[in-house]
């Protein structure tokens, strides 16, 4: 939000953009002001390209019907790639986690994105995630291993437990990332070497 002393000193369109940028994760009031004033000074074409990119992203990007990663097509590039190992599915909390795993070059299977984690204190329960869609995939596809790559924190543990409860009756092989990832962290911030080792050293659940 704009600081109180900005009131009346900043043109309304400028103040509105500062406020909207300030709503973005990791963008504080000072950074929001700097970005806004940078865009004010930038050529109109640059600001228009940014606005167009945001608008096109919101209108063209949806979910992959198979794994729920973001995609402009019915299937994302991973699911549409016949060279990926179709027998393994790595379950992650967010699409950003896929980028983290791919940077390791240690995994060539498929993914399944939950779009969140179990956090009852925030009103997020297993039924709010893409867990039932994962169950359906296992029943319909020739999958022999599900790798649970949730974040190494309390919410990630709760999410792993919820998935474990649903998948055990199906007789599928369940593994999870080996320890070595910092407790309380997020997969997207893990360095490729550490995450790659956690993948290669994954253990039965």
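Computed quantities for the displayed model
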quantity	calculated
Subset tally (residues that are surrounded by 18 or more Cβ atoms within 10 Å (Cβ to Cβ) and modelled with pLDDT of 70 or more) for the stretch 176-205	2
Test: residue in the stretch 68-82 that is in a helix (DSSP H, G or I) and either under 30 Å from residue 134 (Cα atoms) or at pLDDT 95 or above (or both)	no
Qualifying position, being under 18 Å from the mean Cα position of the chain (by Cα) and modelled with pLDDT of 95 or more, among 138, 143, 163	163
Some residue of the stretch 21-40 being closer than 30 Å to residue 74 by Cβ and not assigned by TED's automatic domain parsing to the domain that holds residue 74	yes
Cross-chain or 6+ apart pairs with Cβ under 7 Å, the stretch 63-84 first and within 18 Å of residue 106 (Cα to Cα), then surrounded by fewer than 13 Cβ atoms within 10 Å (Cβ to Cβ)	84/108
Complete set of residues in the stretch 142-164 that are part of a loop (DSSP other than H, G, I, E, B) and surrounded by fewer than 16 Cβ atoms within 10 Å (Cβ to Cβ)	142, 144
Residue within the stretch 99-106 that is closer than 21 Å to residue 144 by Cβ, within 14 Å of the chain's Cα centre (by Cα), in the same structural domain as residue 170 (by TED's automatic domain parsing) and modelled with pLDDT under 95 present	yes
Every residue from the stretch 82-101 that is in contact with a strand residue (DSSP E or B) (Cβ under 9 Å, 6 or more places away or on another chain) and surrounded by fewer than 21 Cβ atoms within 10 Å (Cβ to Cβ)	84, 85, 86, 87, 88, 94, 95, 100
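The values are calculated or read from the model by the stated rules, or taken from the named source; none is laboratory data. A quick note: this is a predicted structure, and the numbers were derived from the prediction, not measured. Neighbour counts are summed over all protein chains in view; Cβ atoms, including those assigned to glycine, are modelled from backbone coordinates with ideal geometry.
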